[in-house]
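See below for the structure under consideration.
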Amino acid sequence: MADDPAAKPTPMMAQYLALRAEAGEALLFYRMGDFFELFFDDARRAAQILDIALTTRGEHDGAAIPMCGVPVHSAESYLARLIKAGCRVAIAEQVETPDEAKERAKREGLPSSKVLVKRAIVRLVTAGTLTEEALLEPRRANLLVALAEVRGVIGLASCDISTGAMVLEECPPELLGGSLARLGPSEVVVPEDWPHGPEDAILHPRARFSSDAGAERLQALHAVATLDSFGQFSRAMLAAAGGLIAYLDHVGRGSLPLLLPPVARSSDTGLAMDAATRTSLEILESASGGRSGSLIGAIDRCSTGAGARLLAEDLAAPLTDKAAIEARLQLVEFWHARPIERARLREALRALPDLGRALGRVVAGRGSPRDLGQLRDGLAEAQRLHSWLTGAPDRPALLDAILGQLTGHGALTDHFARALVQSPPTERGNGGYIAEGFDPVLDELRAAAGNARRAIAAMEARYRDETGIASLKIRHNGVLGYFIEVPARHADRLMAPDSGFTHRQTMKDAVRFNSLTLHAEASRIAEAGGHALATEEAHFARLVEEAIAAREAIARTAAALARLDVAAGNAERAAEGDWTRPAITHDTALAITAGRHPVVEAALAKAGERFVANDCQLTTDNHLWLIGGPNMGGKSTFLRQNALIVLLAQAGCFVPAEAATIGLVDRLFSRVGASDNLARGRSTFMVEMVETAAILAQATSRSFVILDEVGRGTSTYDGLALAWAVAEAVHTTIACRCLFATHYHELSRLAGSCERLSLHHVRAREWQGDLVLLHELAQGPADRSYGLAVAKLAGLPAPVIARAKAVLEKLEATREHSGGIAAGLGDLPLFAAQARAEPAAPSPADALAAKLRSADLDALAPREALDLLYQWKRELS
Ligand code: ADP
């Protein structure tokens, strides 16, 4: 393929290839007039992802150049799809007008046909650096994370550039996976030669990840001499911050987005959960990848996107600080107890624009008049909420803290309210966003343009009178500006030398003219219009500056509104589901009365079924529950509901239970036996064991562990032995709270040697030969395994079930007094025809199927075939 630079490329091709090289592995959007064009391999890739036509344009090295293009005005939607598909896009804009290019040619003494409009890459669009409303999901944060390592410690700098929030933290390399899982970034940047994950990270020059440069950049950015007032930052954190800022520089071509002062997150705050636990608990995403079916999908009742994003943060990083948890719970309770006020609050919040993201666009230099309007409206609403809520009695402390952030923008909102029209446009090109009465000079310019427009309208009427041509029109287009148009058959009258009209253009049916008066009025419009636009631009720039100067206060207001929304949303969810406020304690008890699983309960409710609530009572003397019972009996559900209740409680939410007392948990672990993960294609027994090993290494006596069928991924005896050993370690060595579901009957013998372990099972009953799953937890070991009954429930054919029964009886009889399973099977005719094991008469449908199978269709005459059909039909009915 001819993608290599040609021996002698055209000037345009030379320019293109230079930009192409600069864009690296990003797709190059090359601006040509109203289109962004893509060429060569870029075109092939984009055409396939976007499903648009691939054409060709010109030749390069003797071969046609593949090309595709997207219109500039709808480029965002195409960008969104490319970014989703994992691409990065470099935007090459025209950075001078064709007129400027001609001027330049003149100065440089070149023929104007030889000059090419200058183009430059003005921005790299990447998944982690978006600010556009259309490209962002309103209810999801969009994080960019940079990683750096300093002396064995990994620094993580994360920022959501759509709102400017920036957090610095650090962790040892082995916990990086868990930290990244908590953050869930859209894009990760690492230095070249990075030895740790993730695999799809973007590489950036190593020299940019320097802690000195990082500190300097942060100080300069926030105009401080030291970062001390923001918190304590380690070298690793600062190196990561340096890399992050350098990458943002690179992506924005020197213009930095909104970055708020960094916040240090110390590694030991919060409830620790590793990646496997997050995935298995389906906190922000269900196993199938979407929000629906996840915890957040089942509980999010936030009225705003910012609220939903904060709720996701809360759930991803629950707290371990009792006071902070209680503060959130108190606020939820406040709104829970006030349904009428809550409804009013949520309605007000629903009308709120996304303040944080509007600010993010404005600071990044991508703001529109509409974004300024959103700041005005959002801040004004915050002030209204402040006035309303300061009057409320019995305000919890957190509400007072929030209220303090909702006010203080009076000057800015007043100014913006006077300056901007009611609903400002997203484009500035046509002006019209600065309100009338704000600037007398602007009003005058607009009046002048308006007067001239009216004068032109009057002129048309006058010309019709004077020429007697009723169909004469004064029209406007982009090429000619204003002109007079008459049908071709009347043109002669205006062609006369003394008519006062000058000919401009002859069309097929019409002829176009100019006149001195029209020209004069048109110039007045153009001039006044141009001045008016420039005046509006100047006002816009000042308003943007004003917003930027207030950015930190505005961001705090946005955050406070989000916190208010989360509390009201949680209260709403609690009221809806009859949830309760958990009691938080410092001991290691876990007492949940009538707990429920929020996601399973919602799914059952949809199908018109009822969820059976269950208790969980773990104490220091009885901190390990071994849970048996049939498959599908509700073991996994029970385990997870208790983990989710702990998580919700420590995130500051009410919980789906009648009562809950949670002794603060420091680490939460959830493990599922390997075969459950088979569908996700990563089911090796190895994974299961690696994940289990992490628990044994990291869990403490304050941790809470759920183990679901651990040991299932290998042969029976191996699995049993491992499950046994793990249970013992959890019981004796770690001594933490643990729910352990297992189908290994034999494990119940552990109760003999582990005194702080108790046996439980999910109840089932056989009724008229069928298994009924009660989903109810009871004391004691499961009486038997019910495997065959579950298989029958699942629709395994009767002969197979009967055969399995026979095998089982034989096994159980021989196991008692001989050498294990193989010996038991020795005298069983294992491969005996199953039809003989089940002598019952076949059903009519089975009989028919057998006949159909044995019928030789080729040997049948059509008439015989029809007769057979009738006969079979009779037999069936
Ligand atoms: P197990 O882990 O014992 O195989 P699961 O926990 O996966 O069983 O539950 C299987 C199904 O039973 C769930 O998908 C759900 O539909 C239903 N179920 C589980 N627990 C309950 C419950 N407490 N109340 C009602 N239905 C339940």
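Scanning the stretch 619-636 for residues that are within 12 Å of the ligand (Cβ to nearest atom) and open to solvent by 50 Å² or more (accessible area, probe 1.4 Å), which turns out farthest from the chain's Cα centre (by Cα)?
Initially, the stretch 619-636 is screened for residues within 12 Å of the ligand (Cβ to nearest atom), giving 627-636.
Keeping just the survivors that are open to solvent by 50 Å² or more (accessible area, probe 1.4 Å) gives 631-632.
Working: ASN631: 34, MET632: 32 Å.
Per the stated criteria, the residue is ASN631.
Can you tell me how many residues within the stretch 373-401 are surrounded by fewer than 24 Cβ atoms within 10 Å (Cβ to Cβ), among the hydrophobic types (A, V, I, L, M, F, W, C) and in a helix (DSSP H, G or I)?
Total satisfying the criteria: 8.
Taking the stretch 583-598, which residues are open to solvent by less than 30 Å² (accessible area, probe 1.4 Å) and within 16 Å of the ligand (Cβ to nearest atom)?
ILE592, ALA594, GLY595, HIS597, PRO598, listed by residue number.
Kindly evaluate LEU248 against the criterion of being within 30 Å of the chain's Cα centre (by Cα), crowded, with 18+ Cβ neighbours inside 10 Å, within 25 Å of LEU355 (Cα to Cα) and at pLDDT 85 or above. Spell out how you get there, then give the answer.
On the way: within 30 Å of the chain's Cα centre (by Cα): yes; crowded, with 18+ Cβ neighbours inside 10 Å: yes; within 25 Å of LEU355 (Cα to Cα): yes; at pLDDT 85 or above: yes.
For LEU248, the condition - within 30 Å of the chain's Cα centre (by Cα), crowded, with 18+ Cβ neighbours inside 10 Å, within 25 Å of LEU355 (Cα to Cα) and at pLDDT 85 or above - is met.
Restricting the search to the stretch 741-767, which residues are away from the ligand (no atom under 14 Å from the Cβ) and either modelled with pLDDT of 85 or more or of a type in the set (Ser, Thr, Tyr) (or both)? Working first, answer last.
Kept after step one, since they are away from the ligand (no atom under 14 Å from the Cβ), are these residues of the stretch 741-767: 745-759, 765-767.
SER748, SER753, GLU755, ARG756, LEU757, SER758, LEU759, listed by residue number.
If a residue has to be open to solvent by 60 Å² or more (accessible area, probe 1.4 Å) and part of a loop (DSSP other than H, G, I, E, B) to count, how many in the stretch 438-454 make the cut?
Number satisfying all stated conditions: 0.
Here is a check on your reading of the model: is ILE340 touching a residue at least 60 places away in the same chain (Cβ under 8 Å) and either in a helix (DSSP H, G or I) or at negative phi (or both)? Quick ask: steps written out before the conclusion?
Values: touching a residue at least 60 places away in the same chain (Cβ under 8 Å): no; either in a helix (DSSP H, G or I) or at negative phi (or both): yes.
Taking the combined requirement at face value, the residue does not satisfy it.
Which one of these does ARG504 not meet: (1) open to solvent by less than 50 Å² (accessible area, probe 1.4 Å); (2) under 30 Å from ALA449 (Cβ atoms)?
It fails just one condition, (1).
Is it true that some residue in the stretch 562-570 is charged (D, E, K, R), more than 16 Å from the ligand (Cβ to nearest atom) and touching a residue at least 60 places away in the same chain (Cβ under 8 Å)?
As a first pass, look at the stretch 562-570 and keep what is charged (D, E, K, R): 563, 565.
Checking the rest, the ones that are also more than 16 Å from the ligand (Cβ to nearest atom) come to 563, 565.
If we keep only those that are touching a residue at least 60 places away in the same chain (Cβ under 8 Å) as well, we get 563, 565.
The answer is yes; a qualifying residue exists.
With respect to THR467, determine if the residue is open to solvent by 40 Å² or more (accessible area, probe 1.4 Å) and out of contact with any His (no Cβ under 6 Å at 6 or more places or on another chain).
Working: open to solvent by 40 Å² or more (accessible area, probe 1.4 Å): no; out of contact with any His (no Cβ under 6 Å at 6 or more places or on another chain): yes.
No.
In the stretch 848-868, how many residues are touching a Phe, Trp or Tyr at 6+ places or on another chain (Cβ under 8 Å) and of a type in the set (S, T, N, Q)? Break it down into steps so the answer makes sense when it comes.
Here is the first cut: in the stretch 848-868, the residues touching a Phe, Trp or Tyr at 6+ places or on another chain (Cβ under 8 Å) are 848, 851-852.
If we keep only those that are of a type in the set (S, T, N, Q) too, we end up with none.
Looking only at that region, the number is 0.
So in the stretch 336-346, with the set limited to residues that are within 28 Å of the chain's Cα centre (by Cα) and not charged (D, E, K, R), which one is most open to solvent (accessible area, probe 1.4 Å)? Can you show your working first?
Step one: of the stretch 336-346, the residues within 28 Å of the chain's Cα centre (by Cα) are 342-343, 345-346.
Narrowing the set further to residues that are not charged (D, E, K, R) leaves 343, 345.
Values: ALA343: 55, LEU345: 0 Å².
Checking each candidate, the answer is ALA343.
Suppose the filter is at positive phi and at pLDDT 95 or above; does GLY652 pass it? Before you say what the answer is, go through the steps one by one.
Numbers: at positive phi: yes; at pLDDT 95 or above: yes.
Here the answer is yes, as GLY652 does meet what is asked.
Anything in the stretch 461-476 that is basic (Lys, Arg) and under 16 Å from ASN514 (Cβ atoms)? List them, or say none. Write out each step before concluding.
Filtering the stretch 461-476 down to residues basic (Lys, Arg) leaves 462, 464, 473, 475.
Selection gives ARG462, LYS473, ARG475.
State which residue is modelled with the highest pLDDT when the search covers only the stretch 509-545 and only residues that are among the acidic types (Asp, Glu) and open to solvent by less than 50 Å² (accessible area, probe 1.4 Å).
GLU536
Among GLU170, GLU187, GLU192, GLU199, which is under 30 Å from LYS84 (Cβ atoms) and in contact with a Ser or Thr (Cβ under 9 Å, 6 or more places away or on another chain)?
Details: GLU170 fails: under 30 Å from LYS84 (Cβ atoms); GLU192 fails: in contact with a Ser or Thr (Cβ under 9 Å, 6 or more places away or on another chain); GLU199 fails: in contact with a Ser or Thr (Cβ under 9 Å, 6 or more places away or on another chain).
From the options GLU170, GLU187, GLU192, GLU199, the qualifying one is GLU187.
Among the candidates LEU295, LEU352, LEU329, LEU315, single out the residue that is touching a strand residue (DSSP E or B) at 6+ places or on another chain (Cβ under 8 Å), buried (at least 18 other Cβ atoms within 10 Å of the Cβ), in contact (Cβ under 8 Å) with a residue 40 or more places away in the chain and not aromatic (Phe, Trp, Tyr).
Values: LEU295 fails: touching a strand residue (DSSP E or B) at 6+ places or on another chain (Cβ under 8 Å); LEU352 fails: touching a strand residue (DSSP E or B) at 6+ places or on another chain (Cβ under 8 Å); LEU315 fails: touching a strand residue (DSSP E or B) at 6+ places or on another chain (Cβ under 8 Å).
LEU329 is the lone residue from the list that is touching a strand residue (DSSP E or B) at 6+ places or on another chain (Cβ under 8 Å), buried (at least 18 other Cβ atoms within 10 Å of the Cβ), in contact (Cβ under 8 Å) with a residue 40 or more places away in the chain and not aromatic (Phe, Trp, Tyr).
Any residue at all in the stretch 101-110 that is surrounded by 13 or more Cβ atoms within 10 Å (Cβ to Cβ) and under 22 Å from ASP34 (Cβ atoms)?
yes
Conditions tested, residue by residue: (1) within 32 Å of the chain's Cα centre (by Cα); (2) away from the ligand (no atom under 16 Å from the Cβ); (3) at pLDDT 90 or above.
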position: VAL612; (1), (2), (3): no, no, yes
position: GLN617; (1), (2), (3): no, yes, yes
position: PHE638; (1), (2), (3): yes, no, yes
position: MET686; (1), (2), (3): yes, yes, no
position: GLN698; (1), (2), (3): yes, yes, no
position: SER701; (1), (2), (3): no, yes, yes
position: ARG712; (1), (2), (3): no, no, no
position: LEU720; (1), (2), (3): no, yes, no
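How many residues are in a helix (DSSP H, G or I) and away from the ligand (no atom under 16 Å from the Cβ) if we restrict to the stretch 571-582?
Residues of the stretch 571-582 that are in a helix (DSSP H, G or I), as a first pass: 571-577.
So of that shortlist, the ones also away from the ligand (no atom under 16 Å from the Cβ) come out as 571-576.
Qualifying residue count for the region: 6.
Would you please list the contacts, defined by Cβ atoms under 6 Å and residues six or more apart or on different chains, that run from a residue in the stretch 490-511 that is within 19 Å of ARG464 (Cβ to Cβ) to a residue that is open to solvent by less than 40 Å² (accessible area, probe 1.4 Å) and in a loop (DSSP other than H, G, I, E, B)?
Short answer, once both residue conditions are applied: HIS490/ILE469.
Run PRO424 past the list (1) in contact (Cβ under 8 Å) with a residue 40 or more places away in the chain; (2) farther than 23 Å from ALA534 by Cα and report the number of the one that doesn't hold.
PRO424 satisfies every listed condition except (2).
Condition test on GLU609, is it open to solvent by 40 Å² or more (accessible area, probe 1.4 Å) and in contact (Cβ under 8 Å) with a residue 60 or more places away in the chain?
Working: open to solvent by 40 Å² or more (accessible area, probe 1.4 Å): yes; in contact (Cβ under 8 Å) with a residue 60 or more places away in the chain: no.
For GLU609, the condition - open to solvent by 40 Å² or more (accessible area, probe 1.4 Å) and in contact (Cβ under 8 Å) with a residue 60 or more places away in the chain - is not met.
Can you run down the residue pairs with Cβ atoms below 6 Å, 6 or more apart or on separate chains, where the first is in the stretch 25-47 and part of a strand (DSSP E or B) and the partner is of a type in the set (S, T, N, Q)?
Listed pairs, sorted by first residue: ARG31/GLN94.
Considering LEU144, LEU176, LEU203, which residue is surrounded by 21 or more Cβ atoms within 10 Å (Cβ to Cβ) and either over 24 Å from the mean Cα position of the chain (by Cα) or of a type outside the set (Phe, Trp, Tyr) (or both)?
Details: LEU176 fails: surrounded by 21 or more Cβ atoms within 10 Å (Cβ to Cβ); LEU203 fails: surrounded by 21 or more Cβ atoms within 10 Å (Cβ to Cβ).
Among LEU144, LEU176, LEU203, only LEU144 is surrounded by 21 or more Cβ atoms within 10 Å (Cβ to Cβ) and either over 24 Å from the mean Cα position of the chain (by Cα) or of a type outside the set (Phe, Trp, Tyr) (or both).
The values are calculated or read from the model by the stated rules, or taken from the named source; none is laboratory data. Remember, predicted model here, so these are calculated numbers, not experimental data. We place every Cβ from the backbone using ideal geometry, glycine too, and count neighbours over all the protein chains shown. Each accessible area value is taken on the protein alone, full model and side chains, heavy atoms only, with ligands, DNA and RNA left out. Shrake-Rupley method; radii C 1.70, N 1.55, O 1.52, S 1.80 Å.
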